[in-house]
1. How many nm separate the modelled label positions at R57 and E77, each set 7 Å beyond the Cα in the direction of the Cβ?
2. If you take the beta carbon distance between L106 and A84 as r and set R0 to 30 Å, what does 1/(1 + (r/R0)^6) give as a FRET efficiency, to the nearest 0.05?
3. Report the extension gain between Q97 and A66 in nm, rounded to one decimal, defined as 0.36 nm multiplied by the number of residues separating them, less their alpha carbon distance.
4. Each label point is 7 Å from the Cα along the Cα-to-Cβ direction; what then is the distance between the points at I128 and T32, in nm?
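Laboratory data are not the source of any read-out in this text; all were calculated from the coordinates shown. Worth saying up front: this structure is predicted, and the values here are computed from it rather than measured. Here Cβ is always computed from backbone atoms with ideal geometry, including for glycine, and neighbour counts include all displayed protein chains.
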Amino acid sequence: MNPVTRDTRRYPEKLSLAPVKGAQPIALAAATLVVLIAGIGGIMLWRAYGGAPEAERGAVTRQLQARTVQASEQLVEKTKGLEATQQESIDQLQMMQEQLQSMRRLLAAQQADTKRLSDQVSTLKDSIDGLRQSFASTQSSEQAAPAPRNRSIRARAHASRGGHRHRRNRS
């Protein structure tokens, strides 16, 4: 005998068990099929008469979509508002920078004028000091020799008066 092929004639107990094992899977499959059909039928009946959860799901989905649309519109509006505010801030910053540059130019011009005026004041001060020194030296030289000059002026004045008297007397 070939060990690969089995001889079923020798083992009669195996022959009697084979039809029993073959019938059980069919019965098991049939029972499973009946349970599945009953479950599907029950679910269909529950959905048909139990308040239609799919309609509720649809309403909930529409509400969520409406909220999403509303939120996105609000985000768009807020974004536009932020863009406008940002542009205003940029415009104000540019205007302030222009004003700052203008103030810097005015300050530089004012500093130049102040320097020019300071130089002029310094020049005038030097001129006044020179005039004071000149005046002081003139006064000191006049005070040193006023007597002879005054005497000569007085002497001339007396002499001319005396001469006028003589002339008046002659006439």
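1. For the pair R57/E77, the computed spacing is 3.4 nm.
2. Working: r = 33 Å, r/R0 = 1.09.
Result of the calculation: an efficiency of 0.35.
3. Working it through step by step, the gained length comes to 6.5 nm.
4. Distance between label points: 12.2 nm.
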